Amino acid sequence: MKSVNKDIHQLAVCYFEGSISENDEHVLFEFVNKNQYNINLFRNWENEWTACHQPQENTLLLWERLNYRITIQPNSVSHFSSSVNKVSRNRIWYRVAAVAAVLLIVCYSIISYKTFSEKTQVASFVFETQCAERSRVTLPDGTKVWLNAATTLCCPNDYNKKSRTVNLSGEAYFEVKKYEDIPFIVYAKDYPLLVKGTKFNVTAYPEEKVLTAALLEGLLQFGNDEPGLMMHPDDVVTYDLSLNAKSIYSTDAKQFISWTEGRIEYDSITFDELFRRLSRQYDVDIVFTSARKTDKVLNISLNNGETITDVLDALSLIIPMTIERDGRTLTITFK
């Protein structure tokens, strides 16, 4: 038993250092979740480790709820998918105590544990990414969620007990663990999407009037009206909230998750939407000195590694324009 604990202790040290492999992480979590004794043992190891290792400025606390796991990446475009399993993947873990008041912990991503009602102490976990950041979250039921830049995902504290409901603002790609008895529902712009299958992407940024869902695998019910608008693989639904109008079409839905690999790939994207995406992805302010070409629809495919300057230089070959940069501000003048 002591030999086993010694091996697990070494895995815990790797976990605290952020150098643990996916397989070893799974072994560690299985051990910790077996009983309260193992949880307490893990906490003792954690306290010993943190006492000897002063956290860096942005490394705050280990996260109490072991069931949630988060991989956080700055949006360096060329290192998102390839570095997820590497030692240097900049994984940061937090511990958030269950308190009645709001506790906010800030790092590359922000995780909040909020109490909305002091009487009932109903709480939710909030996962956030800023501009030029992406993250991956694994929920307690095994559902995986990739968060794009400037995105917020809220989960109730009782997630996976009576229901699996999340609220999304921004963009996320979901790979949902299937449980017939506990449906998975995403609320985006207060609009419900009932998951009947596994893999889909939702775009619902607050500054945009349109909600978009793209289905890769399984079934997705758009809205809670019976029978509802049922989506099948490669279906894309757009919902214009200002007009209360929905449209559905079929295309290669994989293009909608190209951002998870740091790519920009669209068969058809409007000029305005593209520049909004670039602004969030590269954390820059884009200013136009002349009228935008809002009627432009582009077919675009940009591979990993391009800087914002590379992207705009490539676009200038299609759309005549000049670009001036001053820090985070890019000024574009159309010719």
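Taking a quarter of the surface of the Cα convex hull of region 263-334 gives a mean projected area of 4.3 nm².
Charge dipole (Cα centre; +1 on Lys/Arg Cβ, -1 on Asp/Glu Cβ; no other charges) of region 131-256 amounts to roughly 340 debye.
Output the pairs from 144/196; 162/196; 177/199; 144/199; 6/144 with a Cα-Cα distance over 21 Å in this structure; if there are none, say none. Long pairs (Cα-Cα over 21 Å): 6/144. 3J(HN,Hα) couplings calculated from phi for region 318-330 with the Karplus curve 6.51 cos²θ - 1.76 cosθ + 1.60 (θ = phi - 60°) are, in sequence order, 9, 10, x, 6, 10, 10, 10, 10, 9, x, 8, 9, 10 Hz; Gly and Pro show x.
Taken over region 190-291, the ratio of Cα radius of gyration to 2.2 N^0.38 Å equals 1.15. Around the amide H of residue 125, modelled in the peptide plane, lie the amide H atoms of 155, 157, all under 5 Å away and 5 or more residues distant in sequence or on another chain.
Taking amide H positions as modeled 1.01 Å from N, with prolines and chain starts lacking one, the residues under 5 Å from residue 229 and 5 or more places away or on another chain are 222. When peptides 263-274, 124-135 are sorted by average Cβ neighbour count within 10 Å, with the highest value leading, the order is 124-135, 263-274.
Where a number appears in this text, it was derived from the coordinates with a stated rule and is not lab data. Note that this is a predicted model, so its numbers are computed, not measured. Positions of Cβ are backbone-derived with ideal geometry, glycine not excepted, and every protein chain shown enters the neighbour counts.
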